[in-house]
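Asker: What follows is a structure written as structure tokens; I'll ask about it next.
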Amino acid sequence: MSLDDIRKQIDETDDELLRLFLQRMNLVAEVAEEKRNAGGVPVLDRTRERAILQRIRTAAGDKERYASSLYDTIFSISRSYQGKLLCRPSKIAEVVNEALDNPADFFPQTGTIACQGVEGGYSQMAADRMFPRGNLVYFDSFEAVFAAVESGLCNFGILPIENSSNGSVRAVYELLQQHPACIVRSERLFVRHVLLAKPGTSLDDIVEIRSHEQALGQCSAFVDGLRGRVKVTPRPNTAEAVREVATGDDAGIAAIGSRRSGELYGLVPIATDIQNSENNYTRFICITAKPTIYPGANRISLILSCKHEPGSLYRVLGKFAALGINLLKLESYPIVGHDFEFMFYFDIEASVKEDGIVQMLSDLEEDTESLTFLGCYSEM
């Protein structure tokens, strides 16, 4: 048989598969109608799915692995279709629909803005870019920023969430899970680090360097070159470290921060561009207490945990692929107290206003162990 003959048979087989698939989906619709009439019957019937998979694996012989993968996908599509037909409420759909029912006309230029740290920090720079006429209020910790927004003391909060060379700010992601805050905007800030000290001090005079752990990580090559003779001390904020050095009496202590913070507190650069990468960007997010979706929102952030079983993450990714969604970020981190079980951070390129997205998120909520919707927003 020639290649053309084989392909012709494949085309005929595909036509038959499509006919049978459409027939199956029509039957799924009938199942959904029966469940609606019965009232309260869940979409997911894991016992039924396992029974079908067992039968399929037995019948598939040495191709059982491929058949299992195919039917996992079919089950996922069928559940999604049932969910759409039944219009079952989900927590995530309620949150999104509430935001869509109260649309915002534009992203504000002013407000009371919570920032972690002190004047001269990178959070302040990001806040000034997002809110040119904002009233900035400074707090000692990331958690205090969340509390200020949650209580209504501040309208918005600015937080670093990711650096291009040193990874995610894990503490902020953990707080996003713990607090009912919503991301409404993000900003990429180009970061150039300098080593700052009192005027008249040289690099050879330095015996201690202070800065935030993220900045220290972003400048690890430079810092590692000084280890052995220089003490490294993490501080809560880069600008706070700069201010400490400026107000202290020891000229042998330096701080890693921005050139702007040095000018603000009276320190001078003794080493410049000390970050590991010339392409060093930090992403900052803007949070609010109430879910809000501003015009142009095209990015969705999620935190989820999958069932600890083969194929669970694959099924999540399959839902994105089925809608042609581009994955912008996928990062895992271990769940404390659980052996080799992980949470996943996702950023996807999509808007909740697009057809099928809210239903897809509802499907994820049902099919995963936990799902936290962090917001739908745009990145400047």
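Asker: Filter region 201-234 down to the residues that are surrounded by 13 or more Cβ atoms within 10 Å (Cβ to Cβ) and among the hydroxyl-bearing types (Ser, Thr, Tyr), then identify the one that is nearest to Ser261 (Cα to Cα).
Answerer: Out of the qualifying residues, it is Ser211.
Asker: Taking region 200-223, which residues are out of contact with any helix residue (DSSP H, G or I) (no Cβ under 9 Å at 6 or more places or on another chain) and of a type in the set (A, V, I, L, M)?
Answerer: Leu203, Ile206, Val207, Ala221
Asker: Can you tell me which condition Arg57 does not meet? The list is (1) exposed (fewer than 13 other Cβ atoms within 10 Å of the Cβ); (2) among the basic types (Lys, Arg); (3) more than 34 Å from the chain's Cα centre (by Cα), and all the others hold.
Answerer: (1)
Asker: Another question, then. Working carefully through the options Ile52, Ile92, Ile158, Ile113, find the one that is over 22 Å from the mean Cα position of the chain (by Cα) and either at pLDDT 90 or above or in a helix (DSSP H, G or I) (or both).
Answerer: Values: Ile92 fails: over 22 Å from the mean Cα position of the chain (by Cα); Ile158 fails: over 22 Å from the mean Cα position of the chain (by Cα); Ile113 fails: over 22 Å from the mean Cα position of the chain (by Cα).
On inspection, the qualifying residue turns out to be Ile52.
Asker: Restricting to region 31-47, what's the tally of residues that are surrounded by 11 or more Cβ atoms within 10 Å (Cβ to Cβ) and part of a helix (DSSP H, G or I)?
Answerer: Taking region 31-47 and keeping what is surrounded by 11 or more Cβ atoms within 10 Å (Cβ to Cβ), we get 31-33, 35-36, 41-45.
Those still in the list that are part of a helix (DSSP H, G or I) too: 31-33, 35-36.
Final tally of qualifying residues: 5.
Asker: Kindly indicate which of Val316, Val358, Val352 is in a loop (DSSP other than H, G, I, E, B) and β-branched (Val, Ile, Thr). Walk me through how you get there before you give the answer.
Answerer: Details: Val316 fails: in a loop (DSSP other than H, G, I, E, B); Val358 fails: in a loop (DSSP other than H, G, I, E, B).
Selected residue: Val352, the only one of Val316, Val358, Val352 that is in a loop (DSSP other than H, G, I, E, B) and β-branched (Val, Ile, Thr).
Asker: Can you name the residue in region 304-321 that is touching a Ser or Thr at 6+ places or on another chain (Cβ under 8 Å) and of a type in the set (A, V, I, L, M, F, W, C) and is also nearest to Phe75 (Cα to Cα) among such residues?
Answerer: Top of the filtered list is Val316.
Asker: Taking the condition touching a helix residue (DSSP H, G or I) at 6+ places or on another chain (Cβ under 8 Å) and acidic (Asp, Glu), does Glu119 pass?
Answerer: Yes, satisfied.
To keep it simple, each residue is scored yes or no on (1) under 26 Å from Asp101 (Cα atoms); (2) hydroxyl-bearing (Ser, Thr, Tyr); (3) not assigned by TED's automatic domain parsing to the domain that holds Ile253.
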position: Phe284; (1), (2), (3): no, no, yes
position: Ser305; (1), (2), (3): no, yes, yes
position: Glu331; (1), (2), (3): no, no, yes
position: Phe346; (1), (2), (3): yes, no, yes
position: Ser351; (1), (2), (3): yes, yes, yes
position: Glu354; (1), (2), (3): yes, no, yes
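Asker: Consider Pro160 carefully, then state whether it is under 22 Å from Arg188 (Cβ atoms) and surrounded by 17 or more Cβ atoms within 10 Å (Cβ to Cβ).
Answerer: Against the criterion (under 22 Å from Arg188 (Cβ atoms) and surrounded by 17 or more Cβ atoms within 10 Å (Cβ to Cβ)), Pro160 qualifies.
The values are calculated or read from the model by the stated rules, or taken from the named source; none is laboratory data. Small disclaimer: the values here were computed from a predicted structure and weren't measured. Don't worry about glycine lacking a Cβ; one is built from the backbone with ideal geometry, like all the others, and counts go over all protein chains shown.
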